[in-house]
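Data first, discussion second: the structure below is written as structure tokens.
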Amino acid sequence: MFLALCLPQTNQLSQLMTPDNDWLYKNKDHGMMAASASLGLIQLWNVEEGLAQIDKFLYSSEDYVKAGAALAVGILSSGVRNDADPTLALLDEHIRGDSHVMKCASCTGLGIAYAGSAREDVMELLLPLVEQENSGPTTMLEVSLAGLALGMIYVGKCDDDVGGSIVQRLMEATDEELNHSHAKFFCLGLGLLFLGRMEKAEAMLEAIRTIEHKISK
């Protein structure tokens, strides 16, 4: 990621960042994810050429490289409106898939790509992740990142469907889930939903106060 910020020669960087480059695989797990995600910064807003380059990484044998590529797709497309909507097309299957790390990266990528857009089709894709009933640390991370993404997409919109789903999931969560370090992202998603619109948040706040856990404070 730092490489993308420090070196302005994007063509040289793009040549360095190829799926078969040994340098990429000298990193571990989240290091590989950050390295492949940096392509989104290198190719920022250059959707056609950038997606062609990033797409190669989505077929890597390493899940963390693929997850970084999913994140790169979102970064690359941030604020860009395209009739073909390639970002949603590329990330949809990973949201619905079985890979935990790909779900997490795709949630974050969608949040970045569609921030402020209030896209109903993206909401419908993410809500099932928020509402899933499975418990455990990996599930809560998926739930929290999906909630944060929805908060970014519907920032300041006070959407009842999004707000109601987040609050309901918080109320149904176990103490173990709410103790999870990433549960704060879920609360942040709810806060973004009512950003600058506190007068609309009273009903949600009343519901949150019924939760017998420190996260409600």
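The values are calculated or read from the model by the stated rules, or taken from the named source; none is laboratory data. Since we're looking at a predicted model, the values are computed, not measured. Don't worry about glycine lacking a Cβ; one is built from the backbone with ideal geometry, like all the others, and counts go over all protein chains shown. When the accessible area is computed, the model is the full protein with side chains, heavy atoms only, and any ligands, DNA or RNA have been set aside. Shrake-Rupley method; radii C 1.70, N 1.55, O 1.52, S 1.80 Å.
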Suppose we filter the range 77-98 for residues that are part of a loop (DSSP other than H, G, I, E, B) and either hydroxyl-bearing (Ser, Thr, Tyr) or closer than 23 Å to GLU49 by Cβ (or both); how many remain?
9
Mind checking which pairs have a first residue in the range 42-66 that is farther than 16 Å from ALA89 by Cβ and a second that is of a type in the set (Phe, Trp, Tyr), Cβ under 6 Å, 6 or more apart or different chains?
VAL65/PHE57
Quick check on my filter: what residues within the range 99-130 are part of a helix (DSSP H, G or I) and surrounded by fewer than 17 Cβ atoms within 10 Å (Cβ to Cβ)?
HIS100, GLU120, ASP121, GLU124, PRO128
Take SER61 and decide whether it is open to solvent by 60 Å² or more (accessible area, probe 1.4 Å) and outside any helix (DSSP H, G or I).
yes
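Return yes or no: is GLU133 farther than 20 Å from ALA67 by Cβ, over 12 Å from the mean Cα position of the chain (by Cα) and not in a helix (DSSP H, G or I)? Explain how you work it out, then say what you get.
Values: farther than 20 Å from ALA67 by Cβ: yes; over 12 Å from the mean Cα position of the chain (by Cα): yes; not in a helix (DSSP H, G or I): yes.
In short, yes.
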